[in-house]
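What follows is a single structure, written as structure tokens, with notes after it.
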Amino acid sequence: MDASFKSGLAFMYRDHVSAILGYEIPNVTSAEALLELAKKITVPAFEEERGWRTDPPFPGTTETPDEMKGRWRMICATRFYVDDRETGVIFMTLVSGRPTGLIINAPGSHIPEEYLPLASR
């Protein structure tokens, strides 16, 4: 994946999450509250408009939220496709009271087996 495309893609997804949850993730006090916030994140309309898709649908699968120094943190992961070809793996970190972190790894990057679809949490 071209570096400028990767950078622009990360910006688009971060901007999408910020439009839903705010620049900083609200400061929640429990794992359940962080999961409920994550469930508000929808698949962005720009995916379909550009012939892209994520599988499972963005934000994808998640680890169990962890408490760290009075904040709750959770990582989400999904595979990113252009024209049905995997071109990257999106990892997004949600930390209460902090901006969304988002990176795009190489296609085929490992997503831990213990990550579960957000809808099942």
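Miscellaneous remarks
- Residues in the stretch 108-121 that are over 12 Å from the mean Cα position of the chain (by Cα), in contact (Cβ under 8 Å) with a residue 40 or more places away in the chain and surrounded by fewer than 17 Cβ atoms within 10 Å (Cβ to Cβ): PRO112, GLU114, LEU116, ALA119.
- In this structure, LYS6 qualifies as at pLDDT below 95 and surrounded by 12 or more Cβ atoms within 10 Å (Cβ to Cβ).
- Number of residues in the stretch 64-98 that are surrounded by fewer than 17 Cβ atoms within 10 Å (Cβ to Cβ), under 11 Å from TYR115 (Cα atoms) and touching a strand residue (DSSP E or B) at 6+ places or on another chain (Cβ under 7 Å) equals 0.
- Picking from residues in the stretch 18-36 that are surrounded by 18 or more Cβ atoms within 10 Å (Cβ to Cβ) and in contact with a strand residue (DSSP E or B) (Cβ under 7 Å, 6 or more places away or on another chain), the one that is farthest from ILE104 (Cα to Cα) is VAL28.
- So ARG50, is it touching a strand residue (DSSP E or B) at 6+ places or on another chain (Cβ under 9 Å) and either modelled with pLDDT of 95 or more or surrounded by 14 or more Cβ atoms within 10 Å (Cβ to Cβ) (or both): yes
The values are calculated or read from the model by the stated rules, or taken from the named source; none is laboratory data. Fair warning: this is a prediction, and the values are worked out from it, not measured in the lab. With ideal geometry, Cβ positions are generated from the backbone for all residues, glycine too; neighbour counts draw on all protein chains shown.
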